Structure formats: structure tokens, C-alpha cells
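Novice: If you scroll down you'll find the structure; I have some questions about it.
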Amino acid sequence: MWHVALMTGGEVLVRSLAAHGIDVVFGIPGNHNLSIYEHLASSNIRHVLSRHEQGCGYAADGYARSSGRPGVALVTAGPAVLNTLAALGQAYSDSIPVLLVSPGMPLRHPYRGNGHLHETKDQHAAVEAVVAASYRVTSVAEIGNAVSQAFADMTAGRPRPVHIEVPIDVLDESAHTQVGCPVDLPVVTAPADQLNRAAAALAEASRPGIVVGGGARSAATEVRLLAERLGATVVTTTNGKGVLPEDHPLSLGAGAHLPAIAEWARTRDVIIAVGTDLGSSDLWNGTWQLDGTLVRIDIDPRQIGVNVRPDIALVSDATRALRSLRQQLGEGGVGLVGGEAAAWALRVGDEASAEGALWRDEIQAIAGVLERDAIVAGDSAAVCYYGMRANLPLHAPGGFLYPTGYGTLGYGLPAAIGAKVAAPERQVVAVLGDGGIMYTLPELASAAAEGLAIPVIVVDNGGYGQIRRNMELRGYAPLGVDLPSPDFAAAGRALGCHGVTIETPEHLSEQLAKALVQDRPTVLHVMEGGAT
């Protein structure tokens, strides 16, 4: 039972976060959020200090992807809030539950353009453009309910970021009120007639396939069981990578963009697409041509028909829908079938290997060191989207953190920090390009201060390599794409980390293994193509 007590706005906010199971926030204190920090210091919530608000947002994102629980970013008003927008946009694009908590201008001076410190023309509207909902409370009594509503928004239906703005004067005010408490939410389940139609189609299928997106991260067991029951080969999107272990005999990996996978999709008589928008950020070259029946499972009714119209639409929690289909199909059936899966895997593997040839030795060096439940945080870099996505085998849901769709640069390092805080017992590795890491390089100091054993692999091609190539393909003279390479190993050491310049793939393997058991991060500077 939740009791009424006299509390300040800052106290209600902190206690409401704790009541919803929050045990860590990624934040930066400022003059306007000190009332929150006063009570945060006396709570059981861990505070991880970022070095830039963008880092707060990405770390909260990485925490959410790795823990399955909402991540929280805590910043001050004005420029600090606007610094989080790229991270919130990425979380919105990838359906990640991130809560941004910030102060706002006081109620007595609401955005009047009178020069108040950190005043923004319309902070609430600016954030609302990249989140599912933004709540500006106007009294201490509203704070608890706003927190409860935010968590309901993030955990019921499609998870996406939410913002709570509490005016400075409300944070300092006191009132008799209640702490916000968690709300029991119903689990969305598809209608029985639609489930029956889908089960009937699967029962008749001779060449079934399953496409798994990020919306199926929590349904890994049911994905595997249904695939094995049907003998269905499984393709994942980038965000679904690892939902089915990539050494499973039915796995075709995360190369949804490859021509071989487009042909695989065309030859399926039934495809079940789970928690994916089947969009261009994964397929790259338009939509697949599908000659068979498409069954889509998605918790968001607004999402289930985008890009490719389904023949059967199941608006449902992924675990519930997959379990219901498997139960309707009953025991027995096809079971594991290795022949067709092996043939497709060979073809897909050849295409993926050719695409990632430039980084083959480095990827093999990384793969040889990783444990089965390792987490790799990538960035919008060629080594990740051409190299690791389809060539680095990962075996755990949420094992590949990557800025799909929105495609922000600088994501990998702070996301790895969030992942390591969420799962300290798991190996966590960050892989970025030399361009991307410069966006969030100061977060090395944050990781060092926390004593996080994160290897940070910087693959250096001397600039924005993909943009350079695109300019050349268009016949343009490259402009603004060449970056003098700093000594990233030395930069890491200057920020409190270990730092090593890598000389060979064997050296990378050796130093990566060492970095995974250090008392702080290690920057591993790798020249693309083996140049030194």
C-alpha cells in the first residue's frame, strides 16, 4: 500500500523511479536538477556519470537492450536536454524503452524569452518530436502519476522513449502526495481466429521460414522451439541478431540485406515475420518479392502493415503468439531438417564473407575470444554493417547493440557502458570507426571511472570511409571525409584507460583477451586493411 507523505518534487521523483525497479541512472548534474540529486544521493539508485548528455542517452539505450528493462537518463534543462535528442531518436527508431528525466523552466516563468538560464523556446515540443510521449508536470502531486504513466508507455505495447519534464520550482516545492507505483498491464494477445488461420497455414507449409526482429528479443525460446517444430530456417534483422544462436543448424544469420536471403524469402511458402518492420534499413534494396503467405506478428497495430502487407496479421506479444502457434501445431512434425538449411547457410555465408572480406581477419580474431553470451556494441561504421553484422557469430538475444535505421554515429562506446553496467558478468566489446568514436570519445573517462572492463576497438580508415566511397561512385571529388588519425591508444591512456596499437590480427586476439579481464577499458587501435 502506498502512503501519503510530505515530500519535495525531487524526492517524489527519485522514490517513484525506485518503486519501478530502477537501480541505475546515467546522468550529469546541473544547477536545475540539484533537487533530484539531493535525494538520489541518499537512495539505493546507482548514478553513472556520463561526460556528455548524448552519452547519457546512449548508455541508457545500451542498458535497456542488455537488461530488458527501461534505461534512465537524467540531465539538466535546455542545452543538456537538446544534447540527448540524437540518442532519443535512435531509441525511438529501434523501439527501446529509455526514460529521459529533466527539469524545465519554472511555472512562474514558462518560456517567456526573458533570459532565464538554460531557457529554450519550447523544450517540451523539441523532445516530443523524438519520443513516444513527453509529460510536463505542473505540481508535486502529478509527479508520481507521470512516472507511472511513463513506465506504462514504455512497457505496454511497443517500447519507445518517454520524457518527463518537472519545472524547477516544482522540484523544490513540498506537498503531501504519493510515490508513483507500478501498474499491472494486460498482455496483448491475438484473436483466436487469426491464430487458427496462421497455424493452419504453417501446418500445410513445406518450406517455412521465420524472420526475427528486435521485437522478438524476449521470445528467443519460443522462436527456437517453433523453428525446430517446423524445420523452418531463420533469418534475423540486425536488431534480432542472436535471438536464435547463430551456430544453430536452422540459423541463416543476420544478412537480411543479402541477395541470397531475398531469394530464400521468395521461395518460402510461408514466412512468419516477428517483431520487425521489414524496412529498408535491414533489406537495403527495397522489399522482398514474396510468393508465399506472410504472417506478421507485432505488438503495435500501427506497425503490422508497414512496408509489406501481411496475409495474416497477429497483433500480439511475440512470446504469446509463438507459443500459441506451437501449441496448436502439437508435438512431432518436421523437426530439425539440416539439408536445405545447410545449403542456404553456405550460400548466405559466401555472400556475407565476400562483403566483409576487408575485415575478415579482425572479425575472426574477435570471434575467437568471445564467449557465447558476449555483447558487442557497434556503431554506424562499415566494419559493423558490412563486416560484423553478417559475419560475426553471436548467440544471445540482445547480443548485438547497433544503431539501426536512425543510424547515429558515436553510439557504440556509451551503449557498451550501459550494457556492461546492466550485465557486469558478461563480456562487452565496443567496435567503432575512427570517425564515429570522435563523437563520444570523452565517455572513455566515464567507463574508466566506473572500472568497466570494456575493450574499445577503433577500426581506423582515416576518415568517413563510406561517405568517401559514395562520393567517388558519384564522380565527386572527395571533400570533408579525410581525417588525420590521432593516436587513439594514447587518447585512451590520457582518459584513464589502457591503450594498445594493434599490429596484426593475432595481436588483436591476444590483446582483446587481455582487455576483457582488466580493471578498466582498453582502447585497441586497429588500422583498416592492416596498415601501420
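The values are calculated or read from the model by the stated rules, or taken from the named source; none is laboratory data. It should be emphasised that the depicted structure is a prediction, and the values quoted were computed from it without experimental measurement. No Cβ is skipped: glycine too gets one built from the backbone with ideal geometry, and neighbour counts run over all protein chains shown.
Novice: I'd like the full set of residues that are acidic (Asp, Glu) and part of a helix (DSSP H, G or I), limited to the range 1-27.
Specialist: Glu11
Novice: Being over 21 Å from the mean Cα position of the chain (by Cα) and among the charged types (D, E, K, R) narrows it down to one of Glu331, Glu246, so name that one.
Specialist: The match here is Glu331.
Novice: Hey, another quick one. Tally up the residues in the range 319-331 that are under 13 Å from Arg224 (Cβ atoms) and surrounded by 22 or more Cβ atoms within 10 Å (Cβ to Cβ), please.
Specialist: Summing the residues that are under 13 Å from Arg224 (Cβ atoms) and surrounded by 22 or more Cβ atoms within 10 Å (Cβ to Cβ) in the range 319-331 gives 1.
Novice: Within the range 106-114, can one find any residue that is buried (at least 18 other Cβ atoms within 10 Å of the Cβ) and of a type in the set (Phe, Trp, Tyr)?
Specialist: no
Novice: So, Ser102, is that one at pLDDT 95 or above, hydroxyl-bearing (Ser, Thr, Tyr) and closer than 23 Å to Pro167 by Cα or not?
Specialist: Yes.
Novice: A further question on this structure: Given the conditions (1) buried (at least 21 other Cβ atoms within 10 Å of the Cβ); (2) more than 27 Å from the chain's Cα centre (by Cα); (3) of a type outside the set (D, E, K, R), report the number of the one that Thr138 does not fulfil.
Specialist: Answer for Thr138: the failing condition is (1).
Novice: Condition test on Asp247, is it at pLDDT 95 or above, touching a Pro at 6+ places or on another chain (Cβ under 7 Å) and surrounded by fewer than 17 Cβ atoms within 10 Å (Cβ to Cβ)?
Specialist: It is true that Asp247 is at pLDDT 95 or above, touching a Pro at 6+ places or on another chain (Cβ under 7 Å) and surrounded by fewer than 17 Cβ atoms within 10 Å (Cβ to Cβ).
Novice: Cβ-Cβ below 7 Å, separation at least six or inter-chain, first residue in the range 171-185 and free of Cβ contacts under 8 Å to residues at least 60 places away in the same chain, second outside any helix (DSSP H, G or I) and not charged (D, E, K, R): which pairs?
Specialist: What qualifies is Leu185/Ala156.
Novice: Here's something else I'd like to know. Out of all the residues in the range 285-328, which are part of a helix (DSSP H, G or I) and either over 22 Å from the mean Cα position of the chain (by Cα) or under 22 Å from Ala262 (Cβ atoms) (or both)?
Specialist: Scanning the range 285-328 gives Arg320, Ala321, Leu322, Arg323, Ser324, Leu325, Arg326, Gln327, Gln328.
Novice: Moving on. Filter the range 28-74 down to the residues that are assigned to a helix (DSSP H, G or I) and among the charged types (D, E, K, R), then identify the one that is surrounded by the most Cβ atoms within 10 Å (Cβ to Cβ).
Specialist: Asp61
Novice: Sticking with this one: Where in the range 441-532 are there helices (runs of 4 or more DSSP H), lying fully within it, with 3 or more residues that are small (Gly, Ala, Ser), out of contact with any Phe, Trp or Tyr (no Cβ under 7 Å at 6 or more places or on another chain) and under 21 Å from Pro424 (Cβ atoms)?
Specialist: Where helices (runs of 4 or more DSSP H) fall fully within the range 441-532 and carry at least 3 residues being small (Gly, Ala, Ser), out of contact with any Phe, Trp or Tyr (no Cβ under 7 Å at 6 or more places or on another chain) and under 21 Å from Pro424 (Cβ atoms), they are 443-449.
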